[in-house]
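Accompanying notes for the structure given below.
Each value in this text was obtained by applying a stated rule to the coordinates, not by laboratory testing. Small disclaimer: the values here were computed from a predicted structure and weren't measured. Don't worry about glycine lacking a Cβ; one is built from the backbone with ideal geometry, like all the others, and counts go over all protein chains shown.
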Amino acid sequence: MEPKKSKPQKPGKEEKDMPPPQTVPKPKKQEKVQEKTPEKKQKQERPVNETTPPKSKSAKDRADTPRPVKPSSDSLISRQLPNGLVIEDLTLGEGAQVKPGKKVGIRYVGKLTNGKVFDASKNRTFSFRAGVGSVIKGMDQGVKGMKVGGKRRLTIPSALGYGSQGAPPDIPPNATLIFEIELVDA
């Protein structure tokens with residue numbers, strides 16, 4: 001853009017009386033700077049289902065926060081608790097939510113990591129009180145937060161299952177257990 005031509009000056013008027021020409025910044029440069037700023041913020045944010053755990057400030061925060069794990073192809077949401085329990089939501093329920101101390105009903109299939117089925121509820125409903133220790137710790141913790149109609153896969157480490165003693169003859173010592181459960185009553 002060229003500056004406008006001014007009228008010729010009268011003789012005798014000095015140039016220093018004239019204000020210096022002002023430059024106007026180009027708006028395109030400002031727009032580019034504004035566009036780059038949001039991109040930097042987006043790069044810093046982490047997606048919900050990322051496989052690395054978010055950074056936390058203290059050891060206590062890390063112990064209480066579930067770590068996301070790489071979901072299997074059929075799970076919607078997958079996370080690993082600090083105690084090693086892996087919870088994979090296969091179907092999100094829309095009914096009543098599990099409440100501690102209340103009776104819940106599930107259908108399940110229990111397998112070892114080699115695929116051998118050691119127990120199944122088949123078409124019957126298995127009932128227990130949630131959060132009071134009437135089932136193995138991994139099952140108690142695994143149903144927490146579920147809603148009726150929901151399905152989960154729980155990978156329960158030995159310490160939250162039957163431990164070093166196992167449950168002979170079907171469950172060997174130090175066995176990791178895999179349960180596929182469906183919440184039918186809460």
Dipole of the range 112-176, positive direction: furthest Cα of A175, F126, L160, with charges on the beta-carbon: F126
Where labels lie 7 Å past Cα in the beta-carbon direction, separation of N114 and A159 in nm: 2.5
Pair S121, L76: separation of 7 Å Cα→Cβ label points (nm): 1.9
Computed Kirkwood radius, in angstrom, where 1/r is averaged over Cα pairs of the range 98-175: 13.3
Estimated dipole of the range 67-186 in Debye, rounded to 20 [Cβ of Lys and Arg +1, of Asp and Glu -1, Cα centre]: 220
Student exercise, the range 118-186 dipole from Lys, Arg, Asp, Glu Cβ charges, in Debye to nearest 20: 240
